Structure formats: structure tokens, C-alpha cells
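Novice: Dropping the structure in here first, questions after.
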Amino acid sequence: MNTILIIEDQEDVNHMLAESLASAGYCVKSAYTGADGLQEIHSGLYDLVLLDIMLPYKSGDEILKDMRQFSDAPVIIISAKDLVGTKIDLLKLGADDYITKPFDLGEVAARVESNLRRSRRDQPGSRVLRHKDLLLDENAKRVTAGGAEIELTAKEYMILEMLLKHTGKVFTKANLYESVWQDEYLGDDNAVKTHISNLRSKLKKMSPEEEYIETVWGLGYRLHQG
């Protein structure tokens, strides 16, 4: 199932898009400010982004420019601006498509599917993330450490994938919880701590001499750099 992020500050428009795409079989997450949207993109969990331009705290073009430094996920602009110059500028910044408001929900769904299909076609046969002797094959959803395959739960896999995609970045418990559990973090860190502990145990069992995940006290977790 492809995961789509909608960054749109108009709640009615955001909800309408989310309901339409969810009914089409996609996993959908909504953000209502530019800052929140960019934070979600940094999680690395999204296959496509629907992006408005006029957003509070951080504009759509700023988000697009920042995003293209670390992600090649397709971006479809949805905006009331219908100026040719605006469209050209955003396409040059890295947008993949542009839809003008008001829009037809059927057209949005068709554009989403088209861009995802194109993205899948452009991907290499296998994308493998590496750290020390740890390998994660994103296409096969397979993880090995020290040459041995590790059986992970879905959430353990997602946590490890996030860490591997952003080597050196410190993820807070809130970052991990909201990205992996797709829910608001209310301060109960037991779920994250338990999954990190289980993940460490499984990795240690396969490769006892290595340390893969380190705790940055008072901040969160990242890949061990030693």
C-alpha cells in the first residue's frame, strides 16, 4: 500500500482529499502547516506528497526546495495559482505535476496513480540501505545482519528503515511514534522504548560484536556511529 502525505492548510480541502484517496486504497496522512509537513517528509515514509503553496510557517516552494535535497518522492502541487510562470518555477524546483484548484477528485486520483506508476518504473531493481554489516532491502522488505536474516515486526522494520535512511540524524521518541504509529504522541514513550529494545536484542543476537542503535540521552535515538 502506497503512503501519501497531504500538506494543505484548508481543513475541508485536506479532509476531502484524504477521504477520496483513502477510499481508493492509499494510506493517507494530513499536515496543515508547512513546518509540520516538512517534518513528516523528513520521516521518509511517504511515496508521494500532495503539496499546497500558500501554507503557514513555511511555504510550499520552500518545502519543495528543502525536500529535493534528500528525497525524490513524487510531488504534486495543488494550488489556486494558475499562472504559467508559477507552474514553470515549481516544476523547475522539482515538482512532478501541478493541479489547479478547484479540482476534480477523479483527476487527482488519476494523477496520483500516474505519478506513482512512473516513480516505480524509474526505481532500480533493488534499493539496499547499508550500515556496517547491516543490510535492509526496501523492495524485498528483508533485513540481514552479519549475513543472517532477521525477522522483524512491521514497526521494528519501519523504525530501522527510518534510522538507515537518515544516518546521523537523532530521532526523538515523538518523531518515531508519530511517523511509525501514525498517531499523535502524548508523552507515553513505552511503545517506542519497547520496540527499540526488541530491535536491539534481535540485532545483537545476529551480530553480538556490533552496536547499531545508540541512545542520545535527553534527545532520542540514531544509528551508532562508532
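Novice: With the structure loaded, tell me whether residue 112 is under 27 Å from residue 24 (Cα atoms), assigned to a helix (DSSP H, G or I), in contact (Cβ under 8 Å) with a residue 24 or more places away in the chain and β-branched (Val, Ile, Thr) or whether it fails that test.
Specialist: Judged against the criteria, residue 112 is a match.
Matching residues to (1) without any contact (Cβ under 8 Å) to a residue 60 or more places away in the chain; (2) assigned to a helix (DSSP H, G or I); (3) buried (at least 17 other Cβ atoms within 10 Å of the Cβ):
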| residue | (1), (2), (3) |
| --- | --- |
| 21 | no, yes, yes |
| 29 | no, no, yes |
| 55 | yes, no, yes |
| 61 | yes, yes, yes |
| 77 | yes, no, yes |
| 90 | yes, yes, yes |
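Novice: Is it the case, given these coordinates, that residue 145 is surrounded by fewer than 17 Cβ atoms within 10 Å (Cβ to Cβ), at negative phi, not hydroxyl-bearing (Ser, Thr, Tyr) and not assigned by TED's automatic domain parsing to the domain that holds residue 49?
Specialist: Considered against the rule, which asks whether it is surrounded by fewer than 17 Cβ atoms within 10 Å (Cβ to Cβ), at negative phi, not hydroxyl-bearing (Ser, Thr, Tyr) and not assigned by TED's automatic domain parsing to the domain that holds residue 49, residue 145 comes out as no.
Novice: Here is a follow-up. Determine whether residue 30 is outside the structural domain of residue 171 (by TED's automatic domain parsing), closer than 27 Å to residue 164 by Cβ, polar (S, T, N, Q) and modelled with pLDDT of 90 or more.
Specialist: Yes, satisfied.
Novice: Still on this structure, I have one more. In the range 169-193, what residues are loosely packed, with under 12 Cβ neighbours inside 10 Å and in a helix (DSSP H, G or I)?
Specialist: 190 - this is the single residue of the range 169-193 that is loosely packed, with under 12 Cβ neighbours inside 10 Å and in a helix (DSSP H, G or I).
Novice: When you check residue 160 against the structure, is it touching a strand residue (DSSP E or B) at 6+ places or on another chain (Cβ under 8 Å) and assigned to a helix (DSSP H, G or I), yes or no?
Specialist: Yes; evaluated as a whole, the condition is true for this residue.
Novice: Okay, moving on. If I filter the range 194-224 down to residues being over 25 Å from residue 149 (Cβ atoms) and not hydrophobic (A, V, I, L, M, F, W, C), which single residue comes out as surrounded by the fewest Cβ atoms within 10 Å (Cβ to Cβ)?
Specialist: Looking at residues that are over 25 Å from residue 149 (Cβ atoms) and not hydrophobic (A, V, I, L, M, F, W, C), I get 218.
Novice: Turning to a different aspect of this structure: Would it be correct to say that residue 159 is within 19 Å of residue 129 (Cα to Cα) and under 14 Å from the mean Cα position of the chain (by Cα)?
Specialist: Against the criterion (within 19 Å of residue 129 (Cα to Cα) and under 14 Å from the mean Cα position of the chain (by Cα)), residue 159 qualifies.
Novice: Condition first: assigned to a helix (DSSP H, G or I) and hydrophobic (A, V, I, L, M, F, W, C). Now tell me which residues in the range 7-19 satisfy that.
Specialist: 13, 16, 17, 18
The values are calculated or read from the model by the stated rules, or taken from the named source; none is laboratory data. For clarity, every value in this text was computed on a predicted model and none was experimentally measured. No Cβ is skipped: glycine too gets one built from the backbone with ideal geometry, and neighbour counts run over all protein chains shown.
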